[in-house]
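Only the coordinates and a few stated rules stand behind these numbers; no lab work does. Computed from a predicted model, the values in this text were never measured in an experiment. Every residue, glycine as well, gets a Cβ built from its backbone with ideal geometry; the counts of neighbours run over all protein chains shown.
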Amino acid sequence: MKAPEIKQLLAVGARDRVRKKLKRLALPERMSALQGCIQAGLINETPINLKFFKENFIDEIGSILLSEGDLVKAVGYYNESKRIK
């Protein structure tokens, strides 16, 4: 799932569908898709998008930002945060 597809689905209000598709992806693929959303500016585009990503993918996005875009490190940070919780 790529950022343009996510943007299109969010524009028509299919948030549940986007959430389900992203959650079903393996972690590295999910991180890659979310990184594409960050680079496209999709997360902060509207307050509704910001709320959606905060509620559903805050841990993944935080890991990507902490690792400065390195997806291998991001997966490690994400797994470590889940282990600590």
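Beta carbons closer than 8 Å, at least 6 apart along the sequence or on distinct chains, pair a first residue in segment 55-78 that is free of Cβ contacts under 8 Å to residues at least 12 places away in the same chain and farther than 16 Å from residue 23 by Cβ with a second that is of a type in the set (A, V, I, L, M, F, W, C) and crowded, with 18+ Cβ neighbours inside 10 Å for 66/74; 67/74. Counting only helices (runs of 4 or more DSSP H) wholly contained in segment 4-77, the ones carrying 1 or more residues that are in contact with a Leu (Cβ under 7 Å, 6 or more places away or on another chain) and loosely packed, with under 14 Cβ neighbours inside 10 Å occupy 15-24, 27-40. Hey, among 30, 17, which residue is free of Cβ contacts under 8 Å to residues at least 24 places away in the same chain and among the basic types (Lys, Arg)? Selected residue: 17, the only one of 30, 17 that is free of Cβ contacts under 8 Å to residues at least 24 places away in the same chain and among the basic types (Lys, Arg).
Filter segment 52-85 down to the residues that are in contact with a Phe, Trp or Tyr (Cβ under 9 Å, 6 or more places away or on another chain) and among the aliphatic types (A, V, I, L, M), then identify the one that is farthest from residue 30 (Cα to Cα). If we take residues in segment 52-85 being in contact with a Phe, Trp or Tyr (Cβ under 9 Å, 6 or more places away or on another chain) and among the aliphatic types (A, V, I, L, M), then 66 is farthest from residue 30 (Cα to Cα).
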